[in-house]
Amino acid sequence: MPNQETSLREILETLQAEPKANASALPVTCALCQLVEKSVLTALSFFFDEFVNDHAIRVNIRKSRGFCPEHTQTLRQRGDALAIAILYSDLLDQTLAQWKEKPPSRPRFALGRNAPNSPQAPCPACAVAEEATTRYVNALAQGLESLETRTALEAAPSLCVAHVERVLTQAKPHAGKFLLELERGRLEALYAELEEAIRKNDYRFRHEEWGAEKDAWLRALTRLTRPE
Ligand SMILES: [Zn+2]
Ligand SMILES: [Zn+2]
C-alpha cells in the first residue's frame, strides 16, 4: 500500500496538473475526487483480471451481491462485456437460488432487521474508494503544514465540500484554518455567482450579458455532493 509521502506526492501532482480539456466541458473536479476515482478504476482493472480465477474475490462479490448504482455506471462505461457476463451469471445464479430458498416478502415482524437476502458486504468499489479516501485525506491533512502544499492548493481548482470537511477533521488547527479560509472564500464566490445567475434569469434583467456565472450551476454540482 502506498505510504503517506507517496500519497501526498500524488496529490501535489494532481493539484499542479494542467486542467485537461475535457470533451464534455464539465468543470474540473476536486483533486481528491480524481485520485479516489483513479484508485477505483485501477482496482476494477485488477478485479476483472483476477476474479475468474480467484476464489476469494468471487466469494466476496457474492457477499456484496454486486455493485452500488454509482459503480454499476462505472462498469457500464468500462464495457468489459465478457467479464461482466461471467460475473453476472454467477450473481444471478445466486439471486435465483436465494429467491427459491427465501423469496423476498413483507416481514412479519418489523424489528428493523435486514431483509433475508440483503448484502453481507459493501460494494467492493465503495470499499476501495473509502480506503483511498482515508489515505489521501490523511496525507493532505499532514501535508497542509508545508508551504509547497499550501501554494499548490491556492493555485489549483477547489476541493469538494465533502473532502474539505474530511481533511479538516484530520488536520492540526492552524493547518486546518488555512484550508477552511481558502475554501470558504471560494464557496462564497460561487454562492455569489449562483445568486447572479438567478438574478439574470429574471425577465427584467434578461438583456444583460452573461459572464462566468453561466456555468456556476455545473460547478456547484461538482463542488457539493452529499457527504457519505
Ligand atoms: Zn472531492
Ligand atoms: Zn460502490
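The values are calculated or read from the model by the stated rules, or taken from the named source; none is laboratory data. Predicted model only: the values in this text are computed from it and were never measured. Virtual Cβ from ideal backbone geometry, glycine too; neighbours counted across all protein chains shown.
Data for the structure
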{"read-out": "Filter pass, residue 26 being within 16 Å of ligand 1 (Cβ to nearest atom) and at pLDDT below 90", "value": "yes"}
{"read-out": "Total residues in segment 201-228, condition in contact with a Lys or Arg (Cβ under 8 Å, 6 or more places away or on another chain) and modelled with pLDDT of 90 or more", "value": "0"}
{"read-out": "All positions within segment 112-144 that are modelled with pLDDT of 95 or more and of a type in the set (D, E, K, R)", "value": "130, 131, 135"}
{"read-out": "Per-region count, segment 120-140, residues near ligand 2 (Cβ under 9 Å from one of its atoms) and surrounded by fewer than 19 Cβ atoms within 10 Å (Cβ to Cβ)", "value": "3"}
{"read-out": "Residues of segment 68-95 satisfying the condition of being in contact (Cβ under 8 Å) with a residue 40 or more places away in the chain and of a type in the set (A, V, I, L, M, F, W, C)", "value": "68"}
{"read-out": "Enumeration of residues in segment 173-228 that are in contact (Cβ under 8 Å) with a residue 60 or more places away in the chain and under 29 Å from residue 147 (Cβ atoms)", "value": "219, 222, 223, 224, 227"}
{"read-out": "Top-ranked residue in segment 26-50 [being more than 16 Å from ligand 2 (Cβ to nearest atom) and either part of a loop (DSSP other than H, G, I, E, B) or basic (Lys, Arg) (or both); ranked as surrounded by the fewest Cβ atoms within 10 Å (Cβ to Cβ)]", "value": "26"}
{"read-out": "From 170, 142, residue being over 24 Å from residue 220 (Cα atoms) and within 15 Å of ligand 1 (Cβ to nearest atom)", "value": "170"}
{"read-out": "Flag for residue 205 being over 24 Å from the mean Cα position of the chain (by Cα) and either more than 28 Å from residue 39 (Cα to Cα) or surrounded by 11 or more Cβ atoms within 10 Å (Cβ to Cβ) (or both)", "value": "yes"}
{"read-out": "Selected residue (only one of 65, 58 is within 16 Å of ligand 2 (Cβ to nearest atom) and among the basic types (Lys, Arg))", "value": "65"}
{"read-out": "Test result for residue 106, more than 16 Å from residue 131 (Cβ to Cβ) and within 15 Å of ligand 2 (Cβ to nearest atom)", "value": "no"}
{"read-out": "Residue within segment 181-198 that is farther than 28 Å from residue 133 by Cβ, among the basic types (Lys, Arg) and surrounded by 12 or more Cβ atoms within 10 Å (Cβ to Cβ) present", "value": "no"}
{"read-out": "Pairs, first over 22 Å from residue 190 (Cβ atoms) and among the polar types (S, T, N, Q) in segment 147-172, second assigned to a helix (DSSP H, G or I) and away from ligand 1 (no atom under 12 Å from the Cβ), C-beta under 6 Å, six or more apart", "value": "149/143; 170/138; 170/141"}
{"read-out": "Some residue of segment 64-77 being touching an Asp or Glu at 6+ places or on another chain (Cβ under 7 Å) and either away from ligand 1 (no atom under 16 Å from the Cβ) or within 25 Å of residue 131 (Cβ to Cβ) (or both)", "value": "no"}
{"read-out": "Residues within segment 61-80 that are touching a Phe, Trp or Tyr at 6+ places or on another chain (Cβ under 9 Å) and surrounded by 17 or more Cβ atoms within 10 Å (Cβ to Cβ), tallied", "value": "3"}
{"read-out": "Enumerated helices (runs of 4 or more DSSP H) restricted to segment 150-228, each holding at least 1 residues that are touching a Cys at 6+ places or on another chain (Cβ under 8 Å)", "value": "161-170, 216-223"}
